[in-house]
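The values are calculated or read from the model by the stated rules, or taken from the named source; none is laboratory data. Because the structure is a prediction, the values reported are computed rather than measured. Methodologically, a virtual Cβ is constructed for each residue, glycine included, from the backbone with ideal geometry; neighbour enumeration extends over all protein chains shown. Please note that ligands, DNA and RNA were not included when accessible areas were found on the heavy atoms of the full protein model with its side chains. Shrake-Rupley method; radii C 1.70, N 1.55, O 1.52, S 1.80 Å.
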Amino acid sequence: MTPLNILYQDEYLVAVHKPSGLLVHRSALARGETEFLLQRLRDQLGKRVYPVHRLDRPTSGVIVFALSSTVAGLLSEAFSERQVEKRYLAVVRGKAPESERLDYPLREEDGTRPKAEMPAMPAMTDIRRLDSVELPVQVDRYQVARYSLVEARPLTGRRHQIRRHLSRRGYPIIGDAKHGKSVHNRFFAEQLGAPRLLLAATYLAFDHPLLDKRVQLSCALDDTMIALFNHFGWAGHLPLDSLRTPPHATPSALQAL
């Protein structure tokens, strides 16, 4: 089995590139599954790891685990208090807006009870169109097919938030079996060699819970998405694996801004 790509590790936490199609950990929704990111990482490191946030099974990209329950509590609080900056890249149907804030409340989808019984929770996602492409093929009812590369920055953390927001706005993510459109998903799978959900977590930034620094992580795409970006002429938007750890800004420095 190919080792997981570790993007950052210290004595308190570790960040890795989660492959598309791999569940993060066991849950009520994962009946019958035998392979999980948490177990693979634990076996690779030879030590226990603790989840602090989630990525959907078909989504790839950067994810952080704590190496103790204490650090897990601190990091989980940072995620729930919206102190973590997250960016994703998505390939969507249509020519997406140049820039927009999607502000649609969402009901939770946790599988414990019907979605209609769940309260609608505030949910916001900032999106920006980075590029687009027009293909001279009829995939749907139009003579040409248009697709966009979108950067999404979720400001809240609802389940499937980016997927549901972009679908609601009319620009579903390619490869999304639940919220997308099958004719476009099939076209990408059969004609463009991209059978997966085209959503990747490419950037994560947070204040280290115990060290005096900010951790800024960039995560490259997988081979499927890299090939697609090159095919569409989007190579200039390809992220690279990188790490920056600038010191925390001091109060005096903040006040001077």
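Observations, loosely collected:
Rundown of residues vs (1) in contact with a His (Cβ under 9 Å, 6 or more places away or on another chain); (2) modelled with pLDDT under 95, yes/no style:
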{"residue": "SER132", "(1), (2)": "no, no"}
{"residue": "ALA152", "(1), (2)": "yes, no"}
{"residue": "ILE174", "(1), (2)": "yes, no"}
{"residue": "LEU198", "(1), (2)": "no, no"}
{"residue": "ALA205", "(1), (2)": "no, no"}
{"residue": "ASP212", "(1), (2)": "yes, yes"}
{"residue": "THR224", "(1), (2)": "no, no"}
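- Any hit, the range 55-78, residues being open to solvent by 50 Å² or more (accessible area, probe 1.4 Å) and on the phi > 0 side of the Ramachandran plot: no
- From the list GLU117, GLU108, GLU100, the one residue that fits, being modelled with pLDDT under 95 and open to solvent by less than 70 Å² (accessible area, probe 1.4 Å), is GLU108.
- Among residues of the range 51-89 being β-branched (Val, Ile, Thr) and not in a strand (DSSP E or B), the one that is farthest from LEU149 (Cα to Cα) is THR70.
- Identity of the residue in the range 62-109, in contact with a Phe, Trp or Tyr (Cβ under 8 Å, 6 or more places away or on another chain) and of a type in the set (Lys, Arg), that ends up farthest from ASN185 (Cα to Cα): LYS86
- Selection status of ALA96, over 15 Å from the mean Cα position of the chain (by Cα) and in a loop (DSSP other than H, G, I, E, B): yes
- Total residues in the range 2-19, condition open to solvent by less than 40 Å² (accessible area, probe 1.4 Å) and touching a helix residue (DSSP H, G or I) at 6+ places or on another chain (Cβ under 8 Å): 5
- Identity of the residue in the range 1-53, small (Gly, Ala, Ser) and modelled with pLDDT under 95, that ends up nearest to THR224 (Cα to Cα): GLY21
- Selected residue (only one of HIS179, HIS165, HIS160, HIS248 is modelled with pLDDT of 95 or more and not charged (D, E, K, R)): HIS165
- Of all residues in the range 134-161, those satisfying the criterion of being over 30 Å from ALA78 (Cβ atoms), of a type in the set (Val, Ile, Thr) and either surrounded by fewer than 16 Cβ atoms within 10 Å (Cβ to Cβ) or under 13 Å from the mean Cα position of the chain (by Cα) (or both) are VAL137, VAL144.
- In the range 162-176, of all residues being more than 18 Å from SER60 (Cα to Cα) and surrounded by 17 or more Cβ atoms within 10 Å (Cβ to Cβ), the one that is nearest to the chain's Cα centre (by Cα) corresponds to HIS165.
Yes/no per residue for (1) farther than 30 Å from SER68 by Cα; (2) touching a helix residue (DSSP H, G or I) at 6+ places or on another chain (Cβ under 8 Å); (3) not aliphatic (A, V, I, L, M):
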{"residue": "ARG159", "(1), (2), (3)": "no, no, yes"}
{"residue": "ILE162", "(1), (2), (3)": "no, no, no"}
{"residue": "ARG169", "(1), (2), (3)": "yes, no, yes"}
{"residue": "HIS184", "(1), (2), (3)": "yes, no, yes"}
{"residue": "LEU192", "(1), (2), (3)": "yes, yes, no"}
{"residue": "MET225", "(1), (2), (3)": "yes, no, no"}
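- Residue check for PHE206: touching a helix residue (DSSP H, G or I) at 6+ places or on another chain (Cβ under 9 Å) and closer than 24 Å to ASN5 by Cα: yes
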